[in-house]
Amino acid sequence: MISIDSHGDSQPQNPIRERLMTVVQKYKITYDTLQKVTGIDTDWLMEYTENNRELYFLSHETMGRLTEIMGLLVDGMQLVNEDERIKGVIDVLMQIFGLTHETLSLYTGIEEQEIRIFLENPNSLEYEQKYKLATVSMFLHYIFKPNETVGG
């Protein structure tokens with residue numbers, strides 16, 4: 001597909017560049033923040049947004065990471081509702097880290113069976129319980145997720 005840029009020139013559409021521009025312009029995420037998340041230099045990101053750089057200058061790993069992050073920040077935020085998002089976090093905690101319904105129950109004060117039912121039917125919990133389950137799950141995910149800045 002071809003699009004017309006601000007100078008009236010035709011440019012091949014680039015979904016990654018378009019998503020990056022959306023993240024910066026619409027959602028106001030700074031290039032500095034994106035550099036911290038992607039590991040890509042802020043100047044490179046700006047130049048890429050301005051059509052002065054191309055993805056093929058990046059390693060396949062870095063290109064994949066940028067593609068994944070842009071997809072999640074634009075499409076993922078719009079396409080996945082809050083209940084499904086927290087169910088996904090709980091799924092990671094259980095499948096990857098081996099947490100149990102009992103552990104989540106003990107941390108949240110929500111009955112084990114209620115958590116099981118929530119995972120099948122998100123409307124089964126009241127908003128206050130969902131909030132508690134979400135905040136506990138997100139914090140546990142934050143603690144357990146590998147992070148190169150913690151512990152070095």
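The values are calculated or read from the model by the stated rules, or taken from the named source; none is laboratory data. Fair warning: this is a prediction, and the values are worked out from it, not measured in the lab. Neighbour counts are summed over all protein chains in view; Cβ atoms, including those assigned to glycine, are modelled from backbone coordinates with ideal geometry.
Which condition number in (1) at pLDDT 95 or above; (2) aliphatic (A, V, I, L, M); (3) within 12 Å of the chain's Cα centre (by Cα) is the one that Val37 fails?
(1)
Would you point out which residue out of Ile40, Ile86 is in the same structural domain as Ala134 (by TED's automatic domain parsing) and surrounded by 13 or more Cβ atoms within 10 Å (Cβ to Cβ)?
Just one listed residue meets the conditions, Ile86.
Looking at (1) surrounded by 14 or more Cβ atoms within 10 Å (Cβ to Cβ); (2) under 19 Å from the mean Cα position of the chain (by Cα), can you tell me which one Asn81 breaks?
(1)
For region 78-148, which helices (runs of 4 or more DSSP H) that fit wholly inside it have 3 or more residues that are acidic (Asp, Glu) and within 30 Å of Arg19 (Cα to Cα)?
Counting at least 3 such residues, we get 82-95.
Of all residues being aliphatic (A, V, I, L, M) and not in a loop (DSSP other than H, G, I, E, B) in region 44-68, which is surrounded by the most Cβ atoms within 10 Å (Cβ to Cβ)? Just the residue, please.
In this case the residue turns out to be Leu66.
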